[in-house]
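Notes follow the structure.
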Amino acid sequence: MSMVVVVTENVPPRLRGRLAVWLLEVRAGVYVGDTSKRIREMIWQQITQ
C-alpha cells in the first residue's frame, strides 16, 4: 500500500466523483488515500485520459 495525494484544478465533475470513490477529499480538489498498486494505476489512468 502506498500513500497517494492528488491535487486538481478545473476538472470535470465526473473525474472528481471517480477520485472520491477511491480517495478522501480533504479540501476542495485535494484527494488523499492509501491504495494498492492496482488502484493507483487505475486512478492514474482516469487522470491522464
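The values are calculated or read from the model by the stated rules, or taken from the named source; none is laboratory data. Since we're looking at a predicted model, the values are computed, not measured. FYI the Cβ positions are ideal-geometry reconstructions off the backbone, even for glycines, and counts take in every protein chain you see.
One table, with the values for the structure above:
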item	result
Complete set of residues in segment 34-49 that are free of Cβ contacts under 8 Å to residues at least 24 places away in the same chain and surrounded by 10 or more Cβ atoms within 10 Å (Cβ to Cβ)	ILE39, GLU41, MET42, TRP44
Segment 22-33: number of residues that are exposed (fewer than 14 other Cβ atoms within 10 Å of the Cβ) and either at pLDDT below 95 or touching a Ser or Thr at 6+ places or on another chain (Cβ under 7 Å) (or both)	1
In segment 4-21, residue farthest from the chain's Cα centre (by Cα) [restricted to those that are surrounded by fewer than 10 Cβ atoms within 10 Å (Cβ to Cβ) and touching a residue at least 12 places away in the same chain (Cβ under 8 Å)]	GLU9
